[in-house]
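The values are calculated or read from the model by the stated rules, or taken from the named source; none is laboratory data. Quick caveat, the model's predicted, so the values are computed rather than measured. Positions of Cβ are generated from backbone atoms using ideal geometry, with glycine treated the same way; all protein chains shown enter the neighbour counts.
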């Protein structure tokens, strides 16, 4: 059970890193999705600022959650964000069904649909599992391990950014992505 | 030295994710360099009759119907405000319109994204050209729009004369020429993707329909 909770925590953190990195690669596109979800008109620059803040927050939270596993309150924050994903999925499904959510930037063409709500629920469930009190010994890591995780996590987010850029550019050139 | 369980799980998860992302990038790089087989260029078959379709005017929401054989050549521009290459294209189209380069055709920008997205892109927001929002996916399927931007030149008889992506003023001029110059029946004028045309060469070339869709 403890291993399952650890794995769930890691998966959610990695997902945040990838989603944030990919969104940063296409802030304009994600800003359009943000504007779609906000029920009032807002200036283009505000949409971009919100989009940038959301993407940066996802990366920061992913990095922190992964490299500081013993910090219990981070799991609660991640669970809160995951619940936010569920709310956005339900709202998007209710009012903007079929439109792209740009949840993973150009890495995916996922839309607001039933499957999207199911995915968001699964993420929230994993985040909830990670809040289970884990034995201190399992999540206590030393400075070198923390640095190693932080570095690899940053590299993963950078790779997500680059992959999203490459896919976005390829689609713009008429080369169909995967 | 024993690796803590958490570190092992995290490193494996990160390694797998990195592997997937690097594979994605490798595939895209391969496609762009022409090493790997890419999908054919987007667009309908040149020489085929253009399909009529319904769209909604973005400013009024009123439903309109595009008649391909309205006696006047048309230039259909499938583009979306959140696509950088589309923004570039619409800016070029706006300039071409200001210079009178589109006077001989009926230009129509067709978006699939919500009309509110137009506000985030200056070229789309400022365009004097008519913009319509597609109301069904069947139009994109009929014109085989698998990537944007995609231009489709339709002559006055409703026959598709050119199709493909474009970004430069010369490309737009070539599309306009293709749609207004009378073609003998059966002749086709496929358009090479703008990225594969050497500088200084006209992007429209007369050839057979079979050549269309070759890998770059």
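Just checking, how many residues over the range A:126-159 are within 11 Å of chain B (Cβ to nearest Cβ), surrounded by fewer than 16 Cβ atoms within 10 Å (Cβ to Cβ) and outside any helix (DSSP H, G or I)?
3
Can you find even one residue in the range B:189-199 that is touching a strand residue (DSSP E or B) at 6+ places or on another chain (Cβ under 9 Å), at pLDDT below 85 and more than 14 Å from chain A (Cβ to nearest Cβ)?
Yes: the range B:189-199 contains one or more residues that are touching a strand residue (DSSP E or B) at 6+ places or on another chain (Cβ under 9 Å), at pLDDT below 85 and more than 14 Å from chain A (Cβ to nearest Cβ).
Kindly evaluate residue A:91 against the criterion of being over 30 Å from residue B:144 (Cβ atoms), touching a residue at least 40 places away in the same chain (Cβ under 8 Å), more than 14 Å from every other protein chain (Cβ to nearest Cβ) and more than 16 Å from the chain's Cα centre (by Cα). Write out each step before concluding.
Working: over 30 Å from residue B:144 (Cβ atoms): yes; touching a residue at least 40 places away in the same chain (Cβ under 8 Å): yes; more than 14 Å from every other protein chain (Cβ to nearest Cβ): yes; more than 16 Å from the chain's Cα centre (by Cα): yes.
For residue A:91, the condition - over 30 Å from residue B:144 (Cβ atoms), touching a residue at least 40 places away in the same chain (Cβ under 8 Å), more than 14 Å from every other protein chain (Cβ to nearest Cβ) and more than 16 Å from the chain's Cα centre (by Cα) - is met.
Can you tell me how many residues in the range B:134-157 are in contact (Cβ under 8 Å) with a residue 60 or more places away in the chain and under 12 Å from residue B:53 (Cβ atoms)?
Adding up the residues that qualify gives 11.
Could you identify the single residue in B:156, B:132 that is surrounded by 15 or more Cβ atoms within 10 Å (Cβ to Cβ), modelled with pLDDT of 85 or more, in the same structural domain as residue B:176 (by TED's automatic domain parsing) and in a loop (DSSP other than H, G, I, E, B)? Please lay out each step first, then the result.
Numbers: B:132 fails: in a loop (DSSP other than H, G, I, E, B).
Of B:156, B:132, the one residue that is surrounded by 15 or more Cβ atoms within 10 Å (Cβ to Cβ), modelled with pLDDT of 85 or more, in the same structural domain as residue B:176 (by TED's automatic domain parsing) and in a loop (DSSP other than H, G, I, E, B) is B:156.
Any idea which residue in the range B:43-90 is farthest from residue B:125 (Cα to Cα), counting only those that are within 12 Å of the chain's Cα centre (by Cα) and not assigned by TED's automatic domain parsing to the domain that holds residue B:145?
Step by step, filter the range B:43-90, then rank; the result is B:44.
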